[in-house]
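Asks: Provided herewith is a single structure, encoded as structure tokens, for subsequent inquiry.
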Amino acid sequence: MEPSPILLNIRKHIDLTTVEEDYFISLLKEKTVQRKEQLIKEGEACTYINFVQQGALRAFYVDHKDNENVIMFAIRDWWITDMHSFANEKPAMLNIDALEESIILQLHKKDLDQLFNKVPKFERFFRILMQNAYVREQLRIVANLSMPAADRYDNFLKKYPQFAQRVPLKQIASYLGITPEFLSLLRKRTSKRIS
């Protein structure tokens, strides 16, 4: 039988016995999230880290002008949470909602702590996961501060081609730190270059 997507994700970084895999799977809670349904709301406690089995989610914060600012997207085989809230047991700074109907696997914070004690290999797995996320965000911040919008959009398309058709233009623009109108202009320029 084909291993589950979450086990394939974990096997990229650590090797587990069948018993360890079974224990890990026993801690997970499957949840279906409807399009536009909020998984996490700013100000609430974030007690789960989420693995996307199917669908697409986004994490965003709402600024003082009520603008939604996209921090990250997550599609199949990606993890998403408000890490500040999850790790420090503080109120969530972010909102997370579904861009389309999604199926996620949730791991509760207390179960993750228990997992670290029973299967220490998972500390390595989550360290690698956090390192990769930190590097990705650092590169994104530097790009947003130093690159023209057209280059940021080109890089986004190269790095995440799967998002271009699945994520609304407004969400991509927010992620890139530009207006939807300017992104529409960039897309027209890009399509003219290609044709």
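Asks: Measure of size requested: the Rg and Dmax of the range 93-188, with Cα atoms as the atom set and Å as the unit; please supply both.
Replies: Every Cα atom of the range 93-188 included, Rg and Dmax give 17.3, 54 Å.
Asks: Please state the charge dipole magnitude for the chain, taken about the Cα centre, from unit charges on C-beta atoms (+1 on K and R, -1 on D and E), reported in debye and rounded to the nearest 20.
Replies: 880 debye
Asks: Further question on the same structure: Step through the table entries Lys90/Lys170; Lys29/Lys158; Lys12/Lys159; Lys29/Lys159; Lys41/Lys109; Lys41/Lys110, compare each Cα-Cα distance with 23 Å, and write down the pairs that go over it.
Replies: Where the Cα-Cα span goes over 23 Å, the pairs concerned are Lys90/Lys170; Lys29/Lys158; Lys29/Lys159.
Asks: Next up: Between the helical axis of 109-118 and the dominant principal axis of the chain, each derived from Cα atoms, what acute angle in degrees is found, rounded to the nearest 10?
Replies: For 109-118 against the chain, the angle is about 50 degrees.
Asks: Would you mind calculating the relative contact order of the chain from Cα pairs under 8 angstrom and at least 6 residues apart, reporting the percent as a whole number?
Replies: It comes to 23 percent, rounded to a whole number.
Asks: Follow-up. Taking all pairs of distinct Cα atoms, average 1/r, flip it, and tell me the Kirkwood hydrodynamic radius of the range 1-53 in Å to one decimal place. Intermediate values should be presented prior to the final figure.
Replies: On the way: mean 1/r = 0.0746 Å⁻¹.
Computed over Cα pairs of the range 1-53, the Kirkwood hydrodynamic radius comes out at 13.4 Å.
Asks: So which trypsin sites (Lys or Arg not before Pro) in the range 52-88 pass both tests, a DSSP loop state and at most 13 other Cβ atoms within 10 Å of the Cβ? Don't skip to the answer; put the middle values down first.
Replies: Values: sites: Arg58, Lys65, Arg76; in loops: Lys65, Arg76.
Those that pass, being in a loop and sparsely packed, are Lys65.
Asks: Just flag the GluC sites (Glu not before Pro) in the range 73-170 sitting in loop per DSSP whose Cβ has no more than 16 other Cβ atoms within 10 Å.
Replies: Listed in order of number, the matching sites are Glu89.
Asks: Here is a follow-up. Could you work out [θ]222 nm for the chain from helices alone, using -39500 (n - 2.57) per DSSP H run of at least four and dividing by all its residues? Round to the nearest 500 deg cm²/dmol. Show your work: numbers first, answer last.
Replies: Numbers: 9 runs with 97 residues, N = 195.
Result for the chain, helices only: -15000 deg cm²/dmol.
Asks: Quickly rank 90-96, 147-153 as a protection proxy: mean count of other C-beta atoms within 10 Å, highest first.
Replies: 90-96, 147-153
Asks: A further question follows. Determine the equivalent ellipsoid of the range 5-120 by diagonalising the alpha-carbon gyration tensor, then write out the semi-axes as square roots of 5 times the eigenvalues, largest first, rounded to whole Å. Don't skip to the answer; put the middle values down first.
Replies: Numbers: eigenvalues 140, 53, 24 Å².
Semi-axes, largest first: 27, 16, 11 Å.
Asks: Taking the alpha-carbon set of the chain, what are its Rg and Dmax in Å?
Replies: Both quantities, over Cα of the chain: 18.0, 56 Å.
Each value in this text was obtained by applying a stated rule to the coordinates, not by laboratory testing. What you are looking at is a predicted structure, and each value in this text was computed from that prediction instead of being measured. Cβ: placed from backbone, ideal geometry, glycine included. Neighbour counts: every protein chain shown.
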